[in-house]
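The values are calculated or read from the model by the stated rules, or taken from the named source; none is laboratory data. Just so it is clear, the model here is predicted, and its values are computed rather than measured. So basically every Cβ, Gly included, is an ideal-geometry build from the backbone, and we count neighbours across all protein chains shown.
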């Protein structure tokens with residue numbers, strides 16, 4: 001049976017090759033659709049030769065297809081080869097495909113067993129290792145050795161394009177080597193179709209909601225908002241990249257008692273505010289003044305609470321002034337989002353958006369008996385007794401953040417019909433979210449079968465003294481000040497590299513921002529989000545190690561290599577030609593190692609879509625940079641012999657595939673990879689006077 005299995009696969013592979021050759025030799029309409037120039041007799045002879053060759057190929061195809069039909073007729077249990085399309089729009093997950101192949105093999109070899117999860121690990125003997133045989137010895141009714149079980153699994157494997165070889169080692173470990181032909185095909189897919197991964201269910205158009213940033217009106221964004229903003233935006237980019245419909249929500253604090261304070265203080269400070277807009281530019285100072293009065297002046301506090309009631313009753317004049325205050329803050333937020341390259345799709349939905357819905361929630365929960373009176377409050381107890389209840393209504397009749405969270409999740413599941421909701425906040429709110437998720441499920445505001453909830457937690461930012469990151473005066477670091485210092489440090493770095501001598505003032509400013517913001521983002525995202533991390537400009541601007549500077553340098557280096565080849569056509573066109581003529585090959589160990597690591601990208605992405613740990617993507621990109629450097633050190637892309645330069649197009653394709661993956665990964669992280677520094681490299685390298693020769697051989 002094993003020999004028939006191999007014969008079936010060999011015939012199918014030959015059919016695929018012949019079909020590709022046949023498609024490249026089809027000339028039925030050649031003469032009708034082409035203008036013939038030159039010696040017509042030669043053209044007619046060439047056309048006739050192509051027709052003859054095409055007929056031969058089709059004849060061979062018919063014979064082989066008949067052989068396959070005979071094999072399948074004589075052996076009904078023989079599986080049909082599952083071909084992976086050689087020119088797909090999306091990258092394939094090797095692990096997912098191996099899981100499918102081995103799951104089918106388990107079912108075929110052991111029909112009585114169900115729900116046996118496939119377990120793969122990396123192996124020093126091959127690319128992957130399946131360790132299920134040892135586990136299956138305990139599950140089978142008839143005792144068999146792990147080695148026997150492993151052999152039964154191998155015999156039951158369906159023919160496929162991914163696996164080149166399988167062997168058994170040790171106590172039944174199945175070692176799997178990935179096909180070289182598959183590697184070449186997938187690398188060419190990246191070249192011809194770019195980097196695409198689709199994980200969404202095309203039949204499920206429901207949105208995934210990512211809730212992040214969430215600053216407060218009248219307060220400046222601080223370093224604490226940095227992590228939520230950067231992490232949330234990257235998660236949204238990731239989910240969009242794999243095909244999901246993403247709704248970005250900025251749940252800002254724009255309602256409540258603090259606005260009663262602000263508006264009352266404004267009316268006292270600017271009595272003519274109705275006719276003359278008050279010149280409030282420093283909202284932070286204005287807020288501190290109103291808060292001080294609220295805490296110290298009983299009469300002011302009373303009036304502020306009355307103003308809050310009038311605002312909640314939609315007093316037209318107060319609403320107009322409230323909008324003015326909100327607009328001032330929005331402008332400040334927008335400036336920070338713009339410089340951080342945060343998506344413009346981030347939609348503001350503040351506390352005010354949920355006001356009417358909060359009233360409905362209180363009424364609904366009261367009527368259905370979920371609220372308990374306690375010390376004048378109305379609270380909602382979760383099933384989990386280890387977490388505190390939610391306060392839905394305060395003793396003074398006001399609403400809380402708990403109320404707005406309940407109103408928001410109800411709106412998101414019932415009105416938005418969200419399939420998944422991701423809340424991006426610091427780990428200090430973990431207890432609240434456990435209680436909140438529990439209560440929302442109890443009252444039916446979300447169904448675990450329809451909606452997945454994730455609390456994406458993160459640690460705090462520390463200073464180099466390993467304490468909470470603060471200014472010298474002990475205040476929280478303002479995000480604007482942090483960014484400005486990053487820009488200053490970035491410019492210092494560029495001047496040290498003497499970039500001011502080759503870049504214009506405008507180009508230098510663009511490079512300054514790209515380096516500064518890229519480094520700030522990457523320093524955050526490259527750490528396990530659950531851990532606190534030390535904020536250090538010196539470390540993040542280092543051009544060695546796992547930093548944005550190192551990755552951006554690697555990308556610039558690869559672009560430089562490709563540009564220095566002075567190719568006379570697009571690499572995509574070369575990739576298409578290599579595919580049609582089966583020219584692409586990987587021979588050197590470092591070429592194969594790089595190609596295999598490139599093709600790990602989909603499995604890394606799949607893992608992160610589930611667990612939302614973006615540092616895994618950062619680690620992958622850094623490791624890819626290191627492996628590329630190993631490849632480049634041992635494999636010449638450009639080889640100069642006297643005045644002649646030979647270009648290895650196989651390796652140019654590997655360079656292009658590497659840079660496409662790296663740029664895609666950094667784009668998911670929200671880091672820009674286009675920089676004037678690249679243009680400098682390009683302009684400098686174009687001056688090379690060496691002649692270039694490109695041939696289709698190992699050393700081009």
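Counting only residues that are in a helix (DSSP H, G or I), more than 21 Å from residue 674 (Cβ to Cβ) and touching a helix residue (DSSP H, G or I) at 6+ places or on another chain (Cβ under 6 Å), how many does the range 493-534 have? Residues that pass the stated criteria total 1.
Do we have residue 425 as modelled with pLDDT of 95 or more, assigned to a strand (DSSP E or B) and buried (at least 20 other Cβ atoms within 10 Å of the Cβ) here?
Working: modelled with pLDDT of 95 or more: yes; assigned to a strand (DSSP E or B): yes; buried (at least 20 other Cβ atoms within 10 Å of the Cβ): yes.
For residue 425, the condition - modelled with pLDDT of 95 or more, assigned to a strand (DSSP E or B) and buried (at least 20 other Cβ atoms within 10 Å of the Cβ) - is met.
For residue 389, state whether it is surrounded by 13 or more Cβ atoms within 10 Å (Cβ to Cβ), over 30 Å from residue 248 (Cβ atoms), in contact (Cβ under 8 Å) with a residue 24 or more places away in the chain and touching a strand residue (DSSP E or B) at 6+ places or on another chain (Cβ under 8 Å). Considered against the rule, which asks whether it is surrounded by 13 or more Cβ atoms within 10 Å (Cβ to Cβ), over 30 Å from residue 248 (Cβ atoms), in contact (Cβ under 8 Å) with a residue 24 or more places away in the chain and touching a strand residue (DSSP E or B) at 6+ places or on another chain (Cβ under 8 Å), residue 389 comes out as yes. Residue check: residue 490 meets all listed conditions (1) outside any helix (DSSP H, G or I); (2) within 28 Å of residue 333 (Cα to Cα) but one, namely (1).
Scan the range 398-421 and tell me whether some residue there is modelled with pLDDT of 95 or more, under 15 Å from residue 217 (Cβ atoms) and surrounded by 18 or more Cβ atoms within 10 Å (Cβ to Cβ). Yes, the conditions are met somewhere in the range 398-421.
Taking the listed residues 198, 203, 175, the one that is in contact with a strand residue (DSSP E or B) (Cβ under 7 Å, 6 or more places away or on another chain) and either assigned to a loop (DSSP other than H, G, I, E, B) or surrounded by 19 or more Cβ atoms within 10 Å (Cβ to Cβ) (or both) is 175, with no other qualifying. For the range 98-115, the criterion of being under 24 Å from residue 607 (Cβ atoms) and at pLDDT below 90 is satisfied by at least one residue.
Scanning the range 314-334 turns up one or more residues that are without any contact (Cβ under 8 Å) to a residue 12 or more places away in the chain, over 42 Å from the mean Cα position of the chain (by Cα), surrounded by fewer than 13 Cβ atoms within 10 Å (Cβ to Cβ) and more than 24 Å from residue 403 (Cα to Cα). Restricting the range 571-590 to residues that are within 28 Å of the chain's Cα centre (by Cα) and without any contact (Cβ under 8 Å) to a residue 60 or more places away in the chain, the residue that is surrounded by the fewest Cβ atoms within 10 Å (Cβ to Cβ) is 573.
Here is a yes/no grid of residues against (1) over 15 Å from residue 188 (Cβ atoms); (2) in a loop (DSSP other than H, G, I, E, B); (3) in contact with a helix residue (DSSP H, G or I) (Cβ under 8 Å, 6 or more places away or on another chain):
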| position | (1), (2), (3) |
| --- | --- |
| 575 | no, no, yes |
| 583 | no, yes, yes |
| 595 | no, no, yes |
| 606 | yes, no, yes |
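Restricting the first member to the range 595-619 and to residues that are not assigned by TED's automatic domain parsing to the domain that holds residue 585, and the second to residues that are buried (at least 18 other Cβ atoms within 10 Å of the Cβ), no beta-carbon pair is closer than 9 Å while six or more apart or on different chains. Listed conditions (1) touching a helix residue (DSSP H, G or I) at 6+ places or on another chain (Cβ under 8 Å); (2) in contact (Cβ under 8 Å) with a residue 60 or more places away in the chain are all met by residue 462, apart from (1).
Mind telling me which of the residues 227, 237, 303, 248 ends up being in a strand (DSSP E or B) and either in contact with a helix residue (DSSP H, G or I) (Cβ under 9 Å, 6 or more places away or on another chain) or at pLDDT 90 or above (or both)? Steps first, please.
On the way: 227 fails: in a strand (DSSP E or B); 237 fails: in a strand (DSSP E or B); 303 fails: in a strand (DSSP E or B).
Going through 227, 237, 303, 248 in turn, just one is in a strand (DSSP E or B) and either in contact with a helix residue (DSSP H, G or I) (Cβ under 9 Å, 6 or more places away or on another chain) or at pLDDT 90 or above (or both): 248.
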